[in-house]
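In what follows, a single structure is set out as structure tokens and then discussed.
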Amino acid sequence: MSGTYEPLTESAAGQLITRLGLFSKEDILEVEEIGDGNLNLVFRVTKTETNESYIVKQALPYAKVVGESWPLTLKRATIESQALRQFRDLTPGYVPNVYYSDETLAVTVMEDLSRLDVVRKGLISGKQYPLLPKHIGEFLGNVLFHTSDYAISPEAKKVLAAKYVNPELCKITEDLVFTDPFFNHDTNDFPEELLEDVQKIWGDQSLLVQVAQLKKQFITEQEALLHGDLHTGSIFANEDTTQVIDPEFAFFGPIGFDIGQFFANLLLNYLSDVERSRRYLLDYVKETWEVFVNTYSTLWNTHQVDAFSKVEGVLPFILEKTFADTIGFCGCEIIRRTIGLAHVEDIDSIEPHRTQIAVKKEALQLGALLIKERKKIETIDQLVTIIQTNTKKKEQFV
Ligand code: SR1
Ligand code: MG
């Protein structure tokens with residue numbers, strides 16, 4: 001089916017669905033480009049008679065958020081469809097169905113999830129998703145265990161990791177999450193009222209040493225298959241369902257990265273509301289960690305293939321390391337979403353402007369604190385207390 005690459009139009013997206021036999025030639029189709037992310041085209045193709053629909057996602061050969069001056073590999077579409085299928089095999093309830101993928105066209109055809117909310121949008125509007133932490137904790141526990149050296153042989157793991165070599169997308173994260181926000185780089189984007197706080201970050205040598213450690217871990221540790229961009233815009237949900245999408249940044253890396261990115265995006269939403277406590281978001285952080293630990297530990301005790309599985313102290317060592325990494329990666333994500341290239345609506349939409357600035361200052365302080373203190377925080381309850389006692393929200397809502 002492939003031919004040569006060209007960006008799809010709405011009518012070409014509809015024709016693709018018909019050619020695949022998902023709808024017939026007689027069907028009247030409505031096609032809409034609904035992509036609001038940083039990188040891709042996303043079409044919804046709906047059969048008007050029944051309202052059934054499919055999503056056609058296509059990678060563009062450049063980063064949409066910047067423009068054609070930032071070329072980007074189309075291979076990410078193959079990584080994404082491969083990862084979606086892999087995640088669905090490991091956690092069938094939490095990932096949409098992929099019906100078709102084409103490497104040349106950089107296209108993935110998948111289940112339409114528009115019956116659900118994009119979690120970021122829902123959280124901004126004050127909605128709650130009580131099962132989100134359980135579902136994401138189980139998703140993470142399963143994927144991060146089953147793709148690691150503790151579940152598969154070292155040979156199988158290396159063969160699998162080779163399928164997820166994703167240098168260009170990893171470079172984006174290395175630059176945008178771990179490097180640029182910590183230096184005076186032209187990709188950064190922040191209001192002038194933050195300059196003093198930002199300069200404090202750039203000049204904080206002890207912070208920079210810690211960020212360098214985290215960046216080194218991101219680059220060198222191949223613990224398991226990561227989603228690679230697990231923010232709340234990569235998750236759809238309602239009160240009983242959760243679906244993880246968009247793993248084009250997938251690669252083998254340190255497992256705390258996915259958990260930390262998820263926590264950071266919950267916390268940015270937590271900080272964004274200066275009128276209500278949004279305590280439930282701290283409960284989500286706590287429950288996600290607890291469910292992750294339970295899921296991972298159960299799999300460790302029942303599916304471990306490594307000789308060290310029964311040695312007392314090995315699992316706690318892994319979990320302690322992952323916890324510290326999670327907190328550190330969480331801090332980096334909070335800082336980059338506040339002053340780096342790719343922002344989040346949770347805090348960028350705060351009005352009035354002076355409140356937005358106050359929240360952003362708080363986010364920067366919290367991010368730096370988490371990075372620096374990560375190895376001293378021993379339990380998830382301590383983490384929650386530290387977040388509460390180091391943000392102004394505490395003063396308002398206790
Ligand atoms: C140029 S891409 C900017 C950001 O969008 C993606 O969703 C990733 O988070 C990336 O860092
Ligand atoms: Mg994305």
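The values are calculated or read from the model by the stated rules, or taken from the named source; none is laboratory data. It should be emphasised that the depicted structure is a prediction, and the values quoted were computed from it without experimental measurement. Positions of Cβ are generated from backbone atoms using ideal geometry, with glycine treated the same way; all protein chains shown enter the neighbour counts. Side chains included, ligands, DNA and RNA excluded: accessible areas come from the protein's heavy atoms. Shrake-Rupley method; radii C 1.70, N 1.55, O 1.52, S 1.80 Å.
Looking only at residues in region 362-389 that are more than 22 Å from PHE292 (Cβ to Cβ) and under 23 Å from the mean Cα position of the chain (by Cα), which one is most open to solvent (accessible area, probe 1.4 Å)?
Of the residues in region 362-389, the ones more than 22 Å from PHE292 (Cβ to Cβ) are 362-365, 368-369, 372, 389.
Retained after the next criterion (residues that are under 23 Å from the mean Cα position of the chain (by Cα)): 362-365, 368-369, 372.
On the way: GLU362: 16, ALA363: 0, LEU364: 6, GLN365: 104, ALA368: 17, LEU369: 48, LYS372: 80 Å².
Restricting to residues being more than 22 Å from PHE292 (Cβ to Cβ) and under 23 Å from the mean Cα position of the chain (by Cα), the top hit is GLN365.
Name the residue that is farthest from TYR164 (Cα to Cα), counting only residues in region 209-222 that are open to solvent by 30 Å² or more (accessible area, probe 1.4 Å) and in contact with a strand residue (DSSP E or B) (Cβ under 7 Å, 6 or more places away or on another chain).
The residue in question is GLU221.
Name the residues in region 248-266 that are within 21 Å of SER101 (Cα to Cα) and away from ligand 1 (no atom under 11 Å from the Cβ), would you? Before you say what the answer is, go through the steps one by one.
Going residue by residue through region 248-266, those that are within 21 Å of SER101 (Cα to Cα) are 248-251.
The answer is ALA250, PHE251.
Where in region 102-195 are there helices (runs of 4 or more DSSP H), lying fully within it, with 1 or more residues that are buried (at least 22 other Cβ atoms within 10 Å of the Cβ) and out of contact with any Cys (no Cβ under 6 Å at 6 or more places or on another chain)? Steps first, answer last, please.
Working: elements: 119-124, 132-146, 154-162, 167-173.
Output list reads 119-124, 132-146, 167-173.
Could you look through region 317-338, keep only residues that are among the charged types (D, E, K, R) and within 13 Å of PHE263 (Cα to Cα), and pick out the one that is surrounded by the most Cβ atoms within 10 Å (Cβ to Cβ)? Quick ask: steps written out before the conclusion?
The initial filter retains those residues of region 317-338 that are among the charged types (D, E, K, R), namely 320-321, 325, 333, 336-337.
Next cut, within 13 Å of PHE263 (Cα to Cα) only: 325, 333, 337.
Values: ASP325: 24, GLU333: 29, ARG337: 27.
Among them, the one singled out is GLU333.
In region 73-94, which residues are touching a Pro at 6+ places or on another chain (Cβ under 7 Å) and either among the polar types (S, T, N, Q) or open to solvent by 10 Å² or more (accessible area, probe 1.4 Å) (or both)?
Passing the criteria: only LEU74.
So, in region 279-316, how many residues would count as being outside any helix (DSSP H, G or I) and either open to solvent by less than 20 Å² (accessible area, probe 1.4 Å) or without any contact (Cβ under 8 Å) to a residue 24 or more places away in the chain (or both)? So that I can check it myself, show each step before the final result.
If we filter region 279-316 for residues that are outside any helix (DSSP H, G or I), which is where we start, we get 304-306, 311-313.
Keeping just the survivors that are either open to solvent by less than 20 Å² (accessible area, probe 1.4 Å) or without any contact (Cβ under 8 Å) to a residue 24 or more places away in the chain (or both) gives 311-313.
Going through region 279-316 one residue at a time, the tally reaches 3.
Please go through region 231-245 and give me each residue that is among the β-branched types (Val, Ile, Thr) and either under 19 Å from LEU281 (Cβ atoms) or within 11 Å of ligand 2 (Cβ to nearest atom) (or both), ordered by number. Don't jump to the end; show me each part of the working.
Just the residues of region 231-245 that are among the β-branched types (Val, Ile, Thr), to begin with: 232, 235, 241-242, 244-245.
Selection gives THR232, ILE235, THR242, VAL244, ILE245.
Restricting to region 254-281, name every residue that is within 16 Å of ligand 2 (Cβ to nearest atom) and among the small types (Gly, Ala, Ser).
ALA264, the sole residue that qualifies.
Can you tell me which residue among GLY37, GLY93, GLY67, GLY126 is more than 19 Å from PRO167 (Cα to Cα), small (Gly, Ala, Ser) and within 17 Å of the chain's Cα centre (by Cα)?
Details: GLY93 fails: within 17 Å of the chain's Cα centre (by Cα); GLY67 fails: within 17 Å of the chain's Cα centre (by Cα); GLY126 fails: within 17 Å of the chain's Cα centre (by Cα).
It is GLY37.
Are there any pairs with C-beta distances below 8 angstrom linking a residue in region 330-348 that is outside the structural domain of ALA358 (by TED's automatic domain parsing) to a residue that is of a type outside the set (Phe, Trp, Tyr), with the two at least 6 apart or on different chains, and if so which?
none
Can you tell me which residue is farthest from LEU214 (Cα to Cα) among those in region 159-197 that are β-branched (Val, Ile, Thr) and within 14 Å of ligand 1 (Cβ to nearest atom)?
Filtering region 159-197 for residues β-branched (Val, Ile, Thr) gives 159, 165, 172-173, 177, 179, 187.
Right, trim to within 14 Å of ligand 1 (Cβ to nearest atom) and you get 172-173, 177, 179, 187.
Numbers: ILE172: 15, THR173: 12, VAL177: 10, THR179: 11, THR187: 20 Å.
This residue is THR187.
Looking only at residues in region 53-70 that are outside any strand (DSSP E or B) and more than 10 Å from ligand 1 (Cβ to nearest atom), which one is most open to solvent (accessible area, probe 1.4 Å)? Before you say what the answer is, go through the steps one by one.
Let us first name the residues in region 53-70 that are outside any strand (DSSP E or B), namely 60-61, 64-66.
Add one more test, that the residue is more than 10 Å from ligand 1 (Cβ to nearest atom), and what stays is 60-61.
Working: LEU60: 7, PRO61: 53 Å².
Filtering first and then ranking leaves PRO61.
Give me a count of the residues in region 275-291 that are in contact with a helix residue (DSSP H, G or I) (Cβ under 6 Å, 6 or more places away or on another chain) and more than 18 Å from ASN142 (Cβ to Cβ). Please lay out each step first, then the result.
The initial filter retains those residues of region 275-291 that are in contact with a helix residue (DSSP H, G or I) (Cβ under 6 Å, 6 or more places away or on another chain), namely 277-278, 281-282, 284-289, 291.
After this cut, where a residue has to be more than 18 Å from ASN142 (Cβ to Cβ) as well, the list is 277-278, 281-282, 284-286.
The total comes to 7.
Filter region 209-247 for residues that are over 26 Å from PRO154 (Cα atoms), part of a helix (DSSP H, G or I) and either within 16 Å of ligand 1 (Cβ to nearest atom) or touching a residue at least 40 places away in the same chain (Cβ under 8 Å) (or both) and give the result.
Matches in region 209-247: GLN210, VAL211, THR232, GLY233, SER234.
Name, by its number, the condition in (1) over 17 Å from the mean Cα position of the chain (by Cα); (2) outside any loop (DSSP other than H, G, I, E, B); (3) not aromatic (Phe, Trp, Tyr) that does not hold for ILE335.
(1)
Do we find that LEU84 is under 21 Å from VAL45 (Cβ atoms) and either in the same structural domain as PHE23 (by TED's automatic domain parsing) or in contact with a strand residue (DSSP E or B) (Cβ under 6 Å, 6 or more places away or on another chain) (or both) in this structure?
Details: under 21 Å from VAL45 (Cβ atoms): yes; either in the same structural domain as PHE23 (by TED's automatic domain parsing) or in contact with a strand residue (DSSP E or B) (Cβ under 6 Å, 6 or more places away or on another chain) (or both): yes.
Answer is yes for this residue.
All but one of (1) open to solvent by less than 40 Å² (accessible area, probe 1.4 Å); (2) under 23 Å from the mean Cα position of the chain (by Cα); (3) of a type outside the set (Phe, Trp, Tyr) hold for LEU341; state the number of the condition that does not hold.
Failed condition: (1).
Does ASP36 meet the test of being of a type outside the set (Ser, Thr, Tyr), modelled with pLDDT of 95 or more, out of contact with any helix residue (DSSP H, G or I) (no Cβ under 7 Å at 6 or more places or on another chain) and open to solvent by 30 Å² or more (accessible area, probe 1.4 Å)?
Working: of a type outside the set (Ser, Thr, Tyr): yes; modelled with pLDDT of 95 or more: no; out of contact with any helix residue (DSSP H, G or I) (no Cβ under 7 Å at 6 or more places or on another chain): yes; open to solvent by 30 Å² or more (accessible area, probe 1.4 Å): yes.
No.
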